[in-house]
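Visitor: Let me give you the structure first, and then I'll get to my questions.
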Amino acid sequence: MASSLVIVGTQWGDEGKGKVVDILAGFADVVVRFQGGSNAGHTLVVDGQDLVTHLVPSGVMHPGKRCAIGPAVVVDPELLLAEIAGLQKRGLLAEPGSLVISPRAHAVMPYHKELDAAREATRGPMRIGTTLRGIGPCLEDKAARSGIRVCDLLDSEALAERIGARLPEVNAVLAHHGREPLSESGLLLGLRDQAERLAPFVGDVCALVRSALDRGRGVLFEGAQGAMLDVDHGTYPFVTAASTVAGAALSGLGIGPGRDVGVLGIVKAYSTRVGEGPMPTELTDERGLHMQQTGGEFGATTGRPRRCGWIDLTALRYATAACGCTSICVTKLDVLRGLRPLRLAVGYTLDGQPHDGIPADAGVYGRVDPVYEELDGWDEDLSEVREKDALPQGARRYLDFVENYLDLPVDIISVGPMRSETIVIRNPLRRG
Ligand code: IMP
């Protein structure tokens, strides 16, 4: 029985992972973010109130659970502190140890955000449409061994040394892009203040997670973005700069592959994408607009409208394989109400010929045409339904089709944004 679970997005992010983590956190002891940064935005709706978190794990609504931020997450200290303050104002994160941040996590510096904006402005048609949260430049510095980590923030001398070594080159690049240089003293002043406020939260996240696993306690590994945005497996270069697949949970936290950890793939009932890059099933007509409006498809981080389209089972088969999903959760099924008939992409053609799998080249992927299967759909409201058998026939057929195509059991169905608007067929944390 897997008592621990990786929760991972299987599309281009925004699948509704936050709500699922929030629900399953009730059955876990530790909820840990394993990658990404404040580019993520997880919307939780609890007691009718919206709560958007970017860095703090979505288990935060459960007092007594430990939330952790792993070494592979990139942490924007300013934003994280604002998030913590907002949550504490609501009475959350009140107990000591309720949030632990790895000292190994890299910190997003103000210049990473400047560089993100400067690069995007000069990319022209190769613009990625990033969230401008500095994620790519921060991870570039990490790979170049010139990053600033949380442990550096806590050591005033080391911080001054590392910033002093990094800033001249950063300012030269900013000047190249016609941007103002950053002042070293101003930067250090701000960082020292943030470091003081972050210090009480810093601790050994990997040891915490390993110990929980060793004791058979439930650990939820909270993913960010989706598998199609993975730097190795996604639609490169229109991807985020990190590994978003489920395996990143283990590598990111220093856990060996022999552990019994399930992988729940979150599958939105239709596709969305924010930013540039191929999306074969995109709809630019009133049906896409219906999904966008009914599904509230506007970025939780940037407010940008999301591109919407039919579910793409070919991309999903690829993504669920890349993540090693053991079951799936279908979210936002309610949004498809009244869209009749429904279409599901079950293959692609390229230049009129059948095409297998996902082209590695984003330019080629941008040229494929989906092959669709059509299903009838339904007109009924799903928000009150709490059992799969009580769903209208059209909705059950849709779910069965997805389940059979992906050859993965649907464990959970989400039929609305509230916690209560959920059908749990099997609890994936208790799978036998
Ligand atoms: P970055 O992660 O800000 O560098 O953005 C790279 C790409 O990933 C852009 O297309 C973003 O819109 C997309 N992206 C990053 N984070 C998220 C997310 O949490 N949800 C959806 N898209 C995201």
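Visitor: So, by mean Cβ neighbours within 10 angstrom, what's the order for 291-297, 18-24, 312-318 with the highest one leading?
Guide: 18-24, 312-318, 291-297
Visitor: Among Gly124, Ala28, Pro77, which residue has its Cα furthest toward the positive end of the charge dipole of the chain, with +1 on Lys/Arg Cβ and -1 on Asp/Glu Cβ?
Guide: With unit charges placed on the Cβ atoms, the residue in question is Ala28.
Visitor: Same structure again: Cα gyration tensor of the range 250-347, axes a ≥ b ≥ c as square roots of the eigenvalues: rounded (a/c below 1.5), prolate (a/b > b/c) or oblate?
Guide: Cα axes put the range 250-347 in the prolate bin.
Visitor: Say the dipole of the chain comes from +1 at the beta carbon of Lys and Arg and -1 at that of Asp and Glu; which of Leu382, Ala207, Gly147 then lies farthest toward its positive end?
Guide: Positive-most Cα among the choices belongs to Ala207.
Visitor: Give the total of Lys-Lys pairs in the chain with Cα-Cα distances below 26 Å; include a pair only if its members are 8 or more places apart or on different chains.
Guide: Lysine pairs meeting the criterion: 16.
Visitor: Assign unit charges at the C-beta atoms only (+1 for Lys and Arg, -1 for Asp and Glu), then state the dipole size of the chain relative to its Cα centre in Debye, rounded to the nearest 20. Display every interim value, and only then the final one.
Guide: On the way: 45 positive and 55 negative charges, 142 e Å.
So the magnitude is around 680 debye.
Visitor: Which three extents, in whole angstrom, do the alpha-carbon atoms of the range 44-142 cover along their principal axes, largest first?
Guide: The Cα atoms of the range 44-142 stretch 47, 33, 17 Å along the principal axes, largest first.
Visitor: Going by average Cβ density within 10 Å per residue, which order do the peptides 188-194, 98-104 take, highest to lowest?
Guide: Going from most to least packed, we get 98-104, 188-194.
Visitor: I've got another one for you. Could you please state, rounded to a whole Å, how far the C-alpha centre of the range 220-241 is from the C-alpha centre of the range 43-83?
Guide: Here the answer is 20 Å between Cα centres.
Visitor: Also, quick follow-up: Rounded to the nearest 500, what is the chain's calculated 222 nm mean residue ellipticity when only DSSP H runs of at least 4 contribute -39500 (n - 2.57) each, over all residues?
Guide: Value at 222 nm, helices only, nearest 500: -9500 deg cm²/dmol.
Visitor: For the chain, what is the relative contact order in percent, using Cα pairs closer than 8 Å and at least 6 residues apart in sequence?
Guide: Dividing the mean separation by the residue count of the chain yields 21 percent.
Visitor: Please get the size of the charge dipole for the range 93-135, origin at its Cα centre, with Cβ charges of +1 on Lys and Arg and -1 on Asp and Glu, quoted in debye to the nearest 20.
Guide: Its charge dipole is roughly 200 debye.
Visitor: Take the alpha carbon atoms of the chain, find their radius of gyration, then divide it by 2.2 N^0.38 Å using N residues; give the quotient.
Guide: Working: Rg = 21.5 Å, N = 432, 2.2 N^0.38 = 22.1 Å.
After normalising by residue count via 2.2 N^0.38 Å, the value is 0.97.
Visitor: Using the crude model of +1 on Lys and Arg Cβ and -1 on Asp and Glu Cβ, and no other charge, please compute the dipole size for the range 95-196 relative to its Cα centre, in debye to 20.
Guide: Computed charge dipole of the range 95-196: roughly 480 debye.
No value in this document is a laboratory result; all are computed from the given coordinates. None of the values given here were measured: they were computed from a predicted structure. As a convention, Cβ positions derive from the backbone with ideal geometry for all residues, glycine included, and neighbour counts pool all protein chains shown.
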